[in-house]
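**Student:** Submitted below is the structure of interest, expressed as structure tokens.
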Amino acid sequence: MLKTDPKKEIENVTIDIQLGDILTVYRNLRENYEFRMRYSEAGEFFIREMEINRLYRQDTKDGESQIRRNNRVIRNLSLTGLYYHLSRYGQSFSRPALFGVGIVLFSTLLWLTQPNPATDFSIRDMTIPQIITIPEMDNKTNIEIALERGLTNFLPSLSFGTELNVGLLDVAFKIVGGAVTFGLIIIALRRKFERKFRH
């Protein structure tokens, strides 16, 4: 892959590889494949282009330009890193779907830790979830309310029931869970159909 110092001496001629030059090559290849309606290969070149943006940066040290690898935090927790992990740069449908299922399950389990899931969330009131403490699942009302609240938090189009005491946690789940998940799925669908009907 890329070296730490891209400068190479070949027969007394210095070749200076810039990060922008590499990205331009990938971009031109992607556009060429898209023009020839070979969208699968074009998608792979788009992913590689984005991966270079995520993994590397260009620094100038002592007047020399060098390509360096980003640290683990930037590679995984930057916006580009999260975009990769959550949707493979808008190319995957399964990743956002799995993320959405995880959000619903996490939200449901979180509300199950409350003695009364219909009220606002409180850390002081957290208990061992009912599903663990009561194997026979006597308290089905709490489980139903927690699941309803988890789904309501996830689906942006659903409004909260009047019996639920809506709090900041509900809004956070609705934004992070539902809006992000459906936004990523819409991006993936848009990419697919835009490519299909572009030419």
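**Student:** If neighbour count is taken as other Cβ atoms inside 10 Å, put Lys174, Lys192, Lys61 in order from fewest to most.
**Tutor:** Values: Lys174 20, Lys192 15, Lys61 9.
Ranking Lys174, Lys192, Lys61 by Cβ neighbours within 10 Å, fewest first, gives Lys61, Lys192, Lys174.
**Student:** In whole Hz and in residue order, list the ³J(HN,Hα) couplings for segment 97-109 that follow from phi through the Karplus curve 6.51 cos²θ - 1.76 cosθ + 1.60, θ = phi - 60°; x for Gly and Pro.
**Tutor:** 5, 5, 4, x, 4, x, 5, 4, 5, 5, 4, 4, 5
**Student:** If you average the sequence gap of Cα pairs under 8 Å that are 6 or more apart and divide by the length of segment 8-86, what percent do you get for the contact order? Intermediate results must be reported in sequence, preceding the final value.
**Tutor:** On the way: 63 pairs, mean separation 16.6, N = 79.
Dividing the mean separation by the residue count of segment 8-86 yields 21 percent.
**Student:** Report, by chain and number, residues whose modeled amide H sits under 5 Å from the one on Asn70, excluding near sequence neighbours (fewer than 5 apart, same chain).
**Tutor:** When sequence neighbours closer than 5 places are left aside, the close amide H contacts are Tyr56, Arg57.
**Student:** I would also like to ask the following. Over all alpha-carbon pairs in segment 8-86, figure out the percentage whose distance exceeds 14 Å. Present the calculation step by step, with values, prior to reporting the outcome.
**Tutor:** Numbers: 2122 of 3081 pairs.
Roughly 69 percent, once rounded to a whole number.
**Student:** Residue by residue, what Karplus-based ³J(HN,Hα) values in Hz, rounded to whole numbers, does segment 172-184 have, using 6.51, -1.76 and 1.60 with θ = phi - 60° and x for Gly and Pro?
**Tutor:** With the stated coefficients, segment 172-184 comes to 4, 5, 5, 6, 5, x, x, 4, 5, 4, 5, x, 5 Hz.
**Student:** Kindly state, to the nearest 0.05, the FRET efficiency for Leu155 paired with Phe193, given R0 = 25 Å and r defined as their beta-carbon distance. Let's see the in-between values first.
**Tutor:** Details: r = 23 Å, r/R0 = 0.92.
Calculated value: 0.65.
**Student:** Karplus couplings for segment 18-26 from phi (6.51 cos²θ - 1.76 cosθ + 1.60, θ = phi - 60°), rounded to Hz, Gly and Pro as x?
**Tutor:** Couplings: 9, 4, x, 5, 5, 4, 5, 4, 4 Hz.
Each reported figure results from applying straightforward, stated rules to the coordinates on display, with no laboratory input. Note that the structure is a prediction, hence the values are computed from the model and not measured. Note that we place each Cβ from the backbone using ideal geometry, even for glycine, and neighbour counts take in every protein chain shown.
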